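Notes to accompany the following structure.
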Amino acid sequence: MTTVQEPAAATEERPIGYGRLKRKEDVRFVRGKGRYTDDVQLPGMLHGAILRSPFAHARIVSIDTSAAEAHPKVRAVITGKTLESMNLAWVPTLSLDTQAVLATDKVRFQGQEVAFVVAEDHYSARDALELIDVEYEPLPPVIDPRRALDPDAPIIRDDLEGKTDNHIFDWESGNKAETDAVFAKADVVVTQDMLYPRVHPAPMETCGVVADFDKVDGKLTLWSTTQAPHAHRTIYAMVAGLPEHKIRVIAPDIGGGFGNKVGIYPGYVCAVVGSIVTGKPVKWMEDRSENLMSTSFARDYHMHGEIAATREGKILGVRVKVLADHGAFNNQAQPTKYPAGFFHIFTGSYDLEAAHCEVRGVYTNKAPGGVAYACSFRVTEAVYLIERIVDCLAAELGMDPAELRMKNLLRPEQFPYECKTGWVYDSGDYPACLRKAMDIAGYEELRKEQAEKRARGELMGIGISFFTETVGAGPRKHMDILGLGMADGCELRVHPTGKAVVRLSVQTQGQGHETTFAQIIGEELGIPPEDIDVVHGDTDQTPFGLGTYGSRSTPVSGAAAAVVARKVRDKARLIAGAMLEVSPEDLEWEKGRYFVKGDPEKSKTIQEIAFAAHSDLELPDGVEGHLEAQTVYNPPEMTYPFGAYICVVDVDPGTGQVKVRRFIAVDDCGTRINPMIIEGQVHGGLADGVGMALMEFIGFDSDGNCLGGSFMDYLIPTALEVPAWELGHTVTPSPHHPIGAKGIGESATVGSPAAVVNAVLDAIGVRHADMPLNPSRVWTAMKYGSVEP
Ligand code: MCN
Ligand code: CUM
């Protein structure tokens with residue numbers, strides 16, 4: 001079993017006891033004993049497979065399933081027609097659009113779901129797909145979002161009544177008039193177009209489900225790769241018309257989510273229908289290409305940025321126009337009121353006078369989605385935009401990019417700080433954070449080295465980015481998903497012997513919640529973390545809450561855990577008073593026990609109190625037996641982690657190959673619960689950032705064929721492409737979070753791409769080139785000074 005390391009003395013590094021506790025869940029993972037959706041085997045279980053569209057845009061003339069139905073091992077073939085009869089052919093999306101489960105009229109992206117085969121085994125189901133005869137009439141596709149609103153563009157969503165174009169939404173934030181005024185008086189205005197290309201979270205485990213509908217008691221049980229079991233259950237209930245208590249969603253172990261597992265995919269609905277139709281459990285697991293081609297992508301933002309400043313380098317304002325490619329159905333996952341996610345935090349970490357953004361969303365013949373891949377709801381795009389354009393400004397002014405940032409960073413005394421688009425940043429010391437990163441990097445020395453190398457014709461680059469994140473969605477008054485407020489429940493029960501079980505509404509996909517949530521409870525109650533069982537990922541066993549994404553687990557559910565533990569502690573005080581025959585007010589808490597003020601020998605440990613709570617002890621009036629509590633935590637505000645990143649690259653002048661030589665990351669996520677887990681989160685996110693900056697890209701040819709449909713084409717970083725990370729941290733607790741913690745899960749993915757790109761462009765002396773900066777694109781940029789998207 002896990003051994004608990006001695007809680008070290010409280011330091012800046014370790015305000016929460018137990019610190020670098022090894023992960024409890026790894027006991028099963030490192031032994032191959034994890035239990036994932038695909039490990040679920042049920043008696044009589046059948047297997048589903050999906051027939052997908054080869055075309056990006058085509059009318060369906062006919063579907064002939066007779067040969068597939070005649071296959072000896074096939075039990076059912078489901079098409080859009082079958083679903084229409086159940087009113088399930090179209091379902092609502094997380095963005096209040098509709099999405100086809102199986103295409104009825106048209107296919108609208110390559111890889112769209114057309115038919116679902118249920119067979120006795122996985123291979124027969126796949127074989128039978130080839131027996132389905134679909135006649136398509138190809139239509140011209142819309143691939144380039146910049147052409148989507150042309151008068152002659154084909155209409156993708158002719159299923160929507162009265163729809164005569166491919167427009168989805170227009171959204172704006174900030175003050176246009178004030179921003180224009182600031183630009184009019186500025187000495188310097190720099191303008192830059194940039195694309196944050198379409199990328200994919202590509203979790204190790206693809207998406208899937210096992211659906212088991214029990215006809216006798218009418219209960220549907222789903223084992224599924226979901227980041228939000230409770231939200232999924234409610235959505236299934238609303239869509240399928242089943243009562244919630246007749247639906248159980250179980251998220252077993254999950255092999256990475258990164259936002260890919262927030263939504264409900266057509267395959268899940270088909271598996272449910274397959275189980276209802278056949279009366280047997282049905283498993284559906286997608287393969288790698290299906291995952292890359294059809295499930296939630298990320299980014300795809302075409303951004304036009306403008307920055308205004310004085311000649312001395314004081315930033316005055318930022319103005320942005322974004323064209324957002326949302327694919328064929330608007331199935332972006334974000335709080336309802338925010339069609340561009342939290343992009344409007346694009347003013348970043350700087351103290352400026354005015355800002356304004358306009359975001360326009362359009363349909364194209366591509367897979368739907370839009371918010372995934374450790375994005376903090378589009379903060380990734382926002383950070384990239386501001387950190388790129390600040391570098392463009394530095395180049396224009398002939399200023400060092402670190403100096404320009406230092407000059408404009410928010411100062412500690414400005415917190416809480418309301419930015420020009422309305423976000424209220426809770427806490428931070430930005431200059432100290434950047435200075436720390438520069439010290440670790442040896443920034444001034446690096447610049448000297450770079451100058452020497454330049455003189456010899458060697459290309460070395462140094463890139464900086466400073467980011468502000470907003471995580472912890474969110475205050476109910478500001479945000480909801482499909483009308484569900486974003487609060488999280490938590491229940492804590494201390495057993496008679498002082499062991500405990502805590503039930504969470506969030507769901508880990510690898511972030512280590514079974515460990516860190518036990519640490520939070522342990523810190524509050526003095527019960528060792530190994531004595532605390534963390535239950536999550538099963539709607540029949542956990543309280544309602546909206547799940548894990550947007551790095552909200554620590555800010556919201558982590559707060560709930562601290563609050564519920566404090567409730568238990570308050571109750572334990574009353575019981576300890578009865579045990580010690582003193583008034584509860586005369587007791588003082590010290591981690592793990594109550595003692596009588598002025599008489600520390602007279603005390604009761606939390607374990608003794610737990611036993612007494614279940615014993616024949618005479619309890620004071622109004623105090624029920626047992627030691628347990630529950631809570632629902634509605635965050636008063638978002639939390640604002642931040643960080644300073646510095647990347648050092650060498651570029652081969654002959655081939656354009658980029659080598660990331662060093663990467664320094666100083667993060668501040670407030671109070672740190674488990675520094676080891678935080679470092680793991682940061683390492684992973686930095687690798688993501690290097691991947692996006694240099695390698696990852698989902699492209700399409702002019703017919704809409706997806707060019708990133710396998711790991712041969714969609715390149716993800718390995719240990720070979722990344723350096724040994726150099727991490728540092730500062731600690732600025734959140735003033736409104738019970739333990740001062742902010743989220744960390746997406747910080748590095750959000751903050752790092754700009755540092756890498758800034759470094760490469762610094763090396764080759766080009767103002768801007770779009771990601772991914774692979775050798776051919778870097779080479780082209782070196783030769784021609786820019787490179788087409
Ligand atoms: N933590 C901590 N101290 C803090 C903040 C966090 O010790 N001050 C710990 C937490 O206790 C938790 C982990 O760090 O164990 C991440 O916490 P948090 O920042 O709250 O993020 P979430 O748990 O909500 O995770 C979601 C986030 C998102 S949205 C994506 S995307 C992403 C990420 O996590 N997906 C991941 N990191 C991932 N890591 C893995 N291994 N797999 C994924 O799918
Ligand atoms: Cu936007 S990816 Mo994470 O929030 O699951």
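Values quoted throughout were computed directly from the atomic coordinates according to the rules given, and no laboratory measurement underlies them. Just so we're clear, the structure is a prediction, and the values are computed from it rather than from any experiment. Cβ sites come from the backbone with ideal geometry, for glycine too, and all protein chains shown count toward neighbours.
A few notes on this one:
- Less than 5 angstrom separates the built amide H of Leu51 from those of Val114, Ala115, Phe116, Val117, all sequence-distant by 5 or more or on a different chain.
- Trypsin sites (Lys or Arg not before Pro) lying in DSSP loop within segment 177-283, provided at most 13 other Cβ fall within 10 Å: Lys215
- Remark: segment 19-34, residue by residue, has Karplus-estimated 3J(HN,Hα) of x, 6, 5, 5, 6, 4, 5, 5, 4, 8, 5, 6, 9, x, 9, x Hz, where x stands for each Gly or Pro and the curve is 6.51 cos²θ - 1.76 cosθ + 1.60 at θ = phi - 60°.
- Residues of type lysines that Lys567 reaches as a straight line, Cα spacing below 17 Å, ignoring anything fewer than 8 places off in the same chain: Lys499, Lys591
- Residue among Ile307, Ser786, Ala324 farthest towards the positive dipole end of the chain, charges placed on Cβ: Ser786
- Distant alpha-carbon pairs in segment 487-633 (separation over 29 angstrom), percent: 18 percent
- Positive-end extreme of charge dipole, segment 482-609 - chosen from Met486, Ala576, Leu587 (charges on Cβ): Met486
- Long pairs among Lys22/Lys261; Lys81/Lys261; Lys261/Lys436; Lys106/Lys219; Lys163/Lys321; Lys81/Lys246, criterion Cα-Cα beyond 31 Å: Lys261/Lys436; Lys106/Lys219
- Where GluC sites (Glu not before Pro) fall in DSSP loop in segment 96-195, at most 15 other Cβ within 10 Å: Glu130, Glu161
- Axial C-alpha extent at least 15 Å, average Kyte-Doolittle at least -1.0 - helices from the chain (DSSP): 229-240, 266-278, 379-397, 430-441, 513-525, 559-580, 675-694, 747-764
- Amide H partners (placed H, <5 Å) of Thr468, local residues excluded: Ser349
- Once backbone amide H atoms are built at 1.01 Å from N, Val262 has Gln227 as its partners under 5 Å, excluding neighbours fewer than 5 places away on the same chain.
- Summing Lys and Arg as +1 and Asp and Glu as -1 over all other residues whose Cβ lies under 10 Å from the Cβ of Thr732 gives a net charge of -2.
- In straight-distance terms, cross-link reach from Lys337 covers every one of the aspartates and glutamates whose alpha-carbon lies under 13 Å from its own, apart from those fewer than eight places away in the same chain; here that gives Asp170, Glu172, Asp480.
- Calculated from backbone phi, Karplus (6.51, -1.76, 1.60) coupling profile of segment 302-310 in Hz, x at Gly/Pro: 9, 10, 10, x, 9, 10, 10, 8, 7
- Per-residue ³J(HN,Hα) for segment 348-357, Karplus 6.51 cos²θ - 1.76 cosθ + 1.60, θ = phi - 60°, Hz, x for Gly and Pro: x, 9, 10, 8, 10, 8, 7, 7, 8, 9
- Charge dipole (the chain, unit charges on Cβ, about Cα centre) - positive-most of Ala228, Asn291, Ala613: Asn291
- For segment 414-503, the list of trypsin sites (Lys or Arg not before Pro) that fall in a loop by DSSP and count at most 14 other C-beta atoms within 10 angstrom reads Arg456, Arg476, Lys477.
- Net dipole in debye of the chain [+1 Lys, Arg Cβ; -1 Asp, Glu Cβ; about Cα centre; nearest 20]: 280 debye
- Whether the chain is rounded, prolate or oblate, judged on the alpha carbon gyration tensor where a/c under 1.5 counts as rounded: oblate
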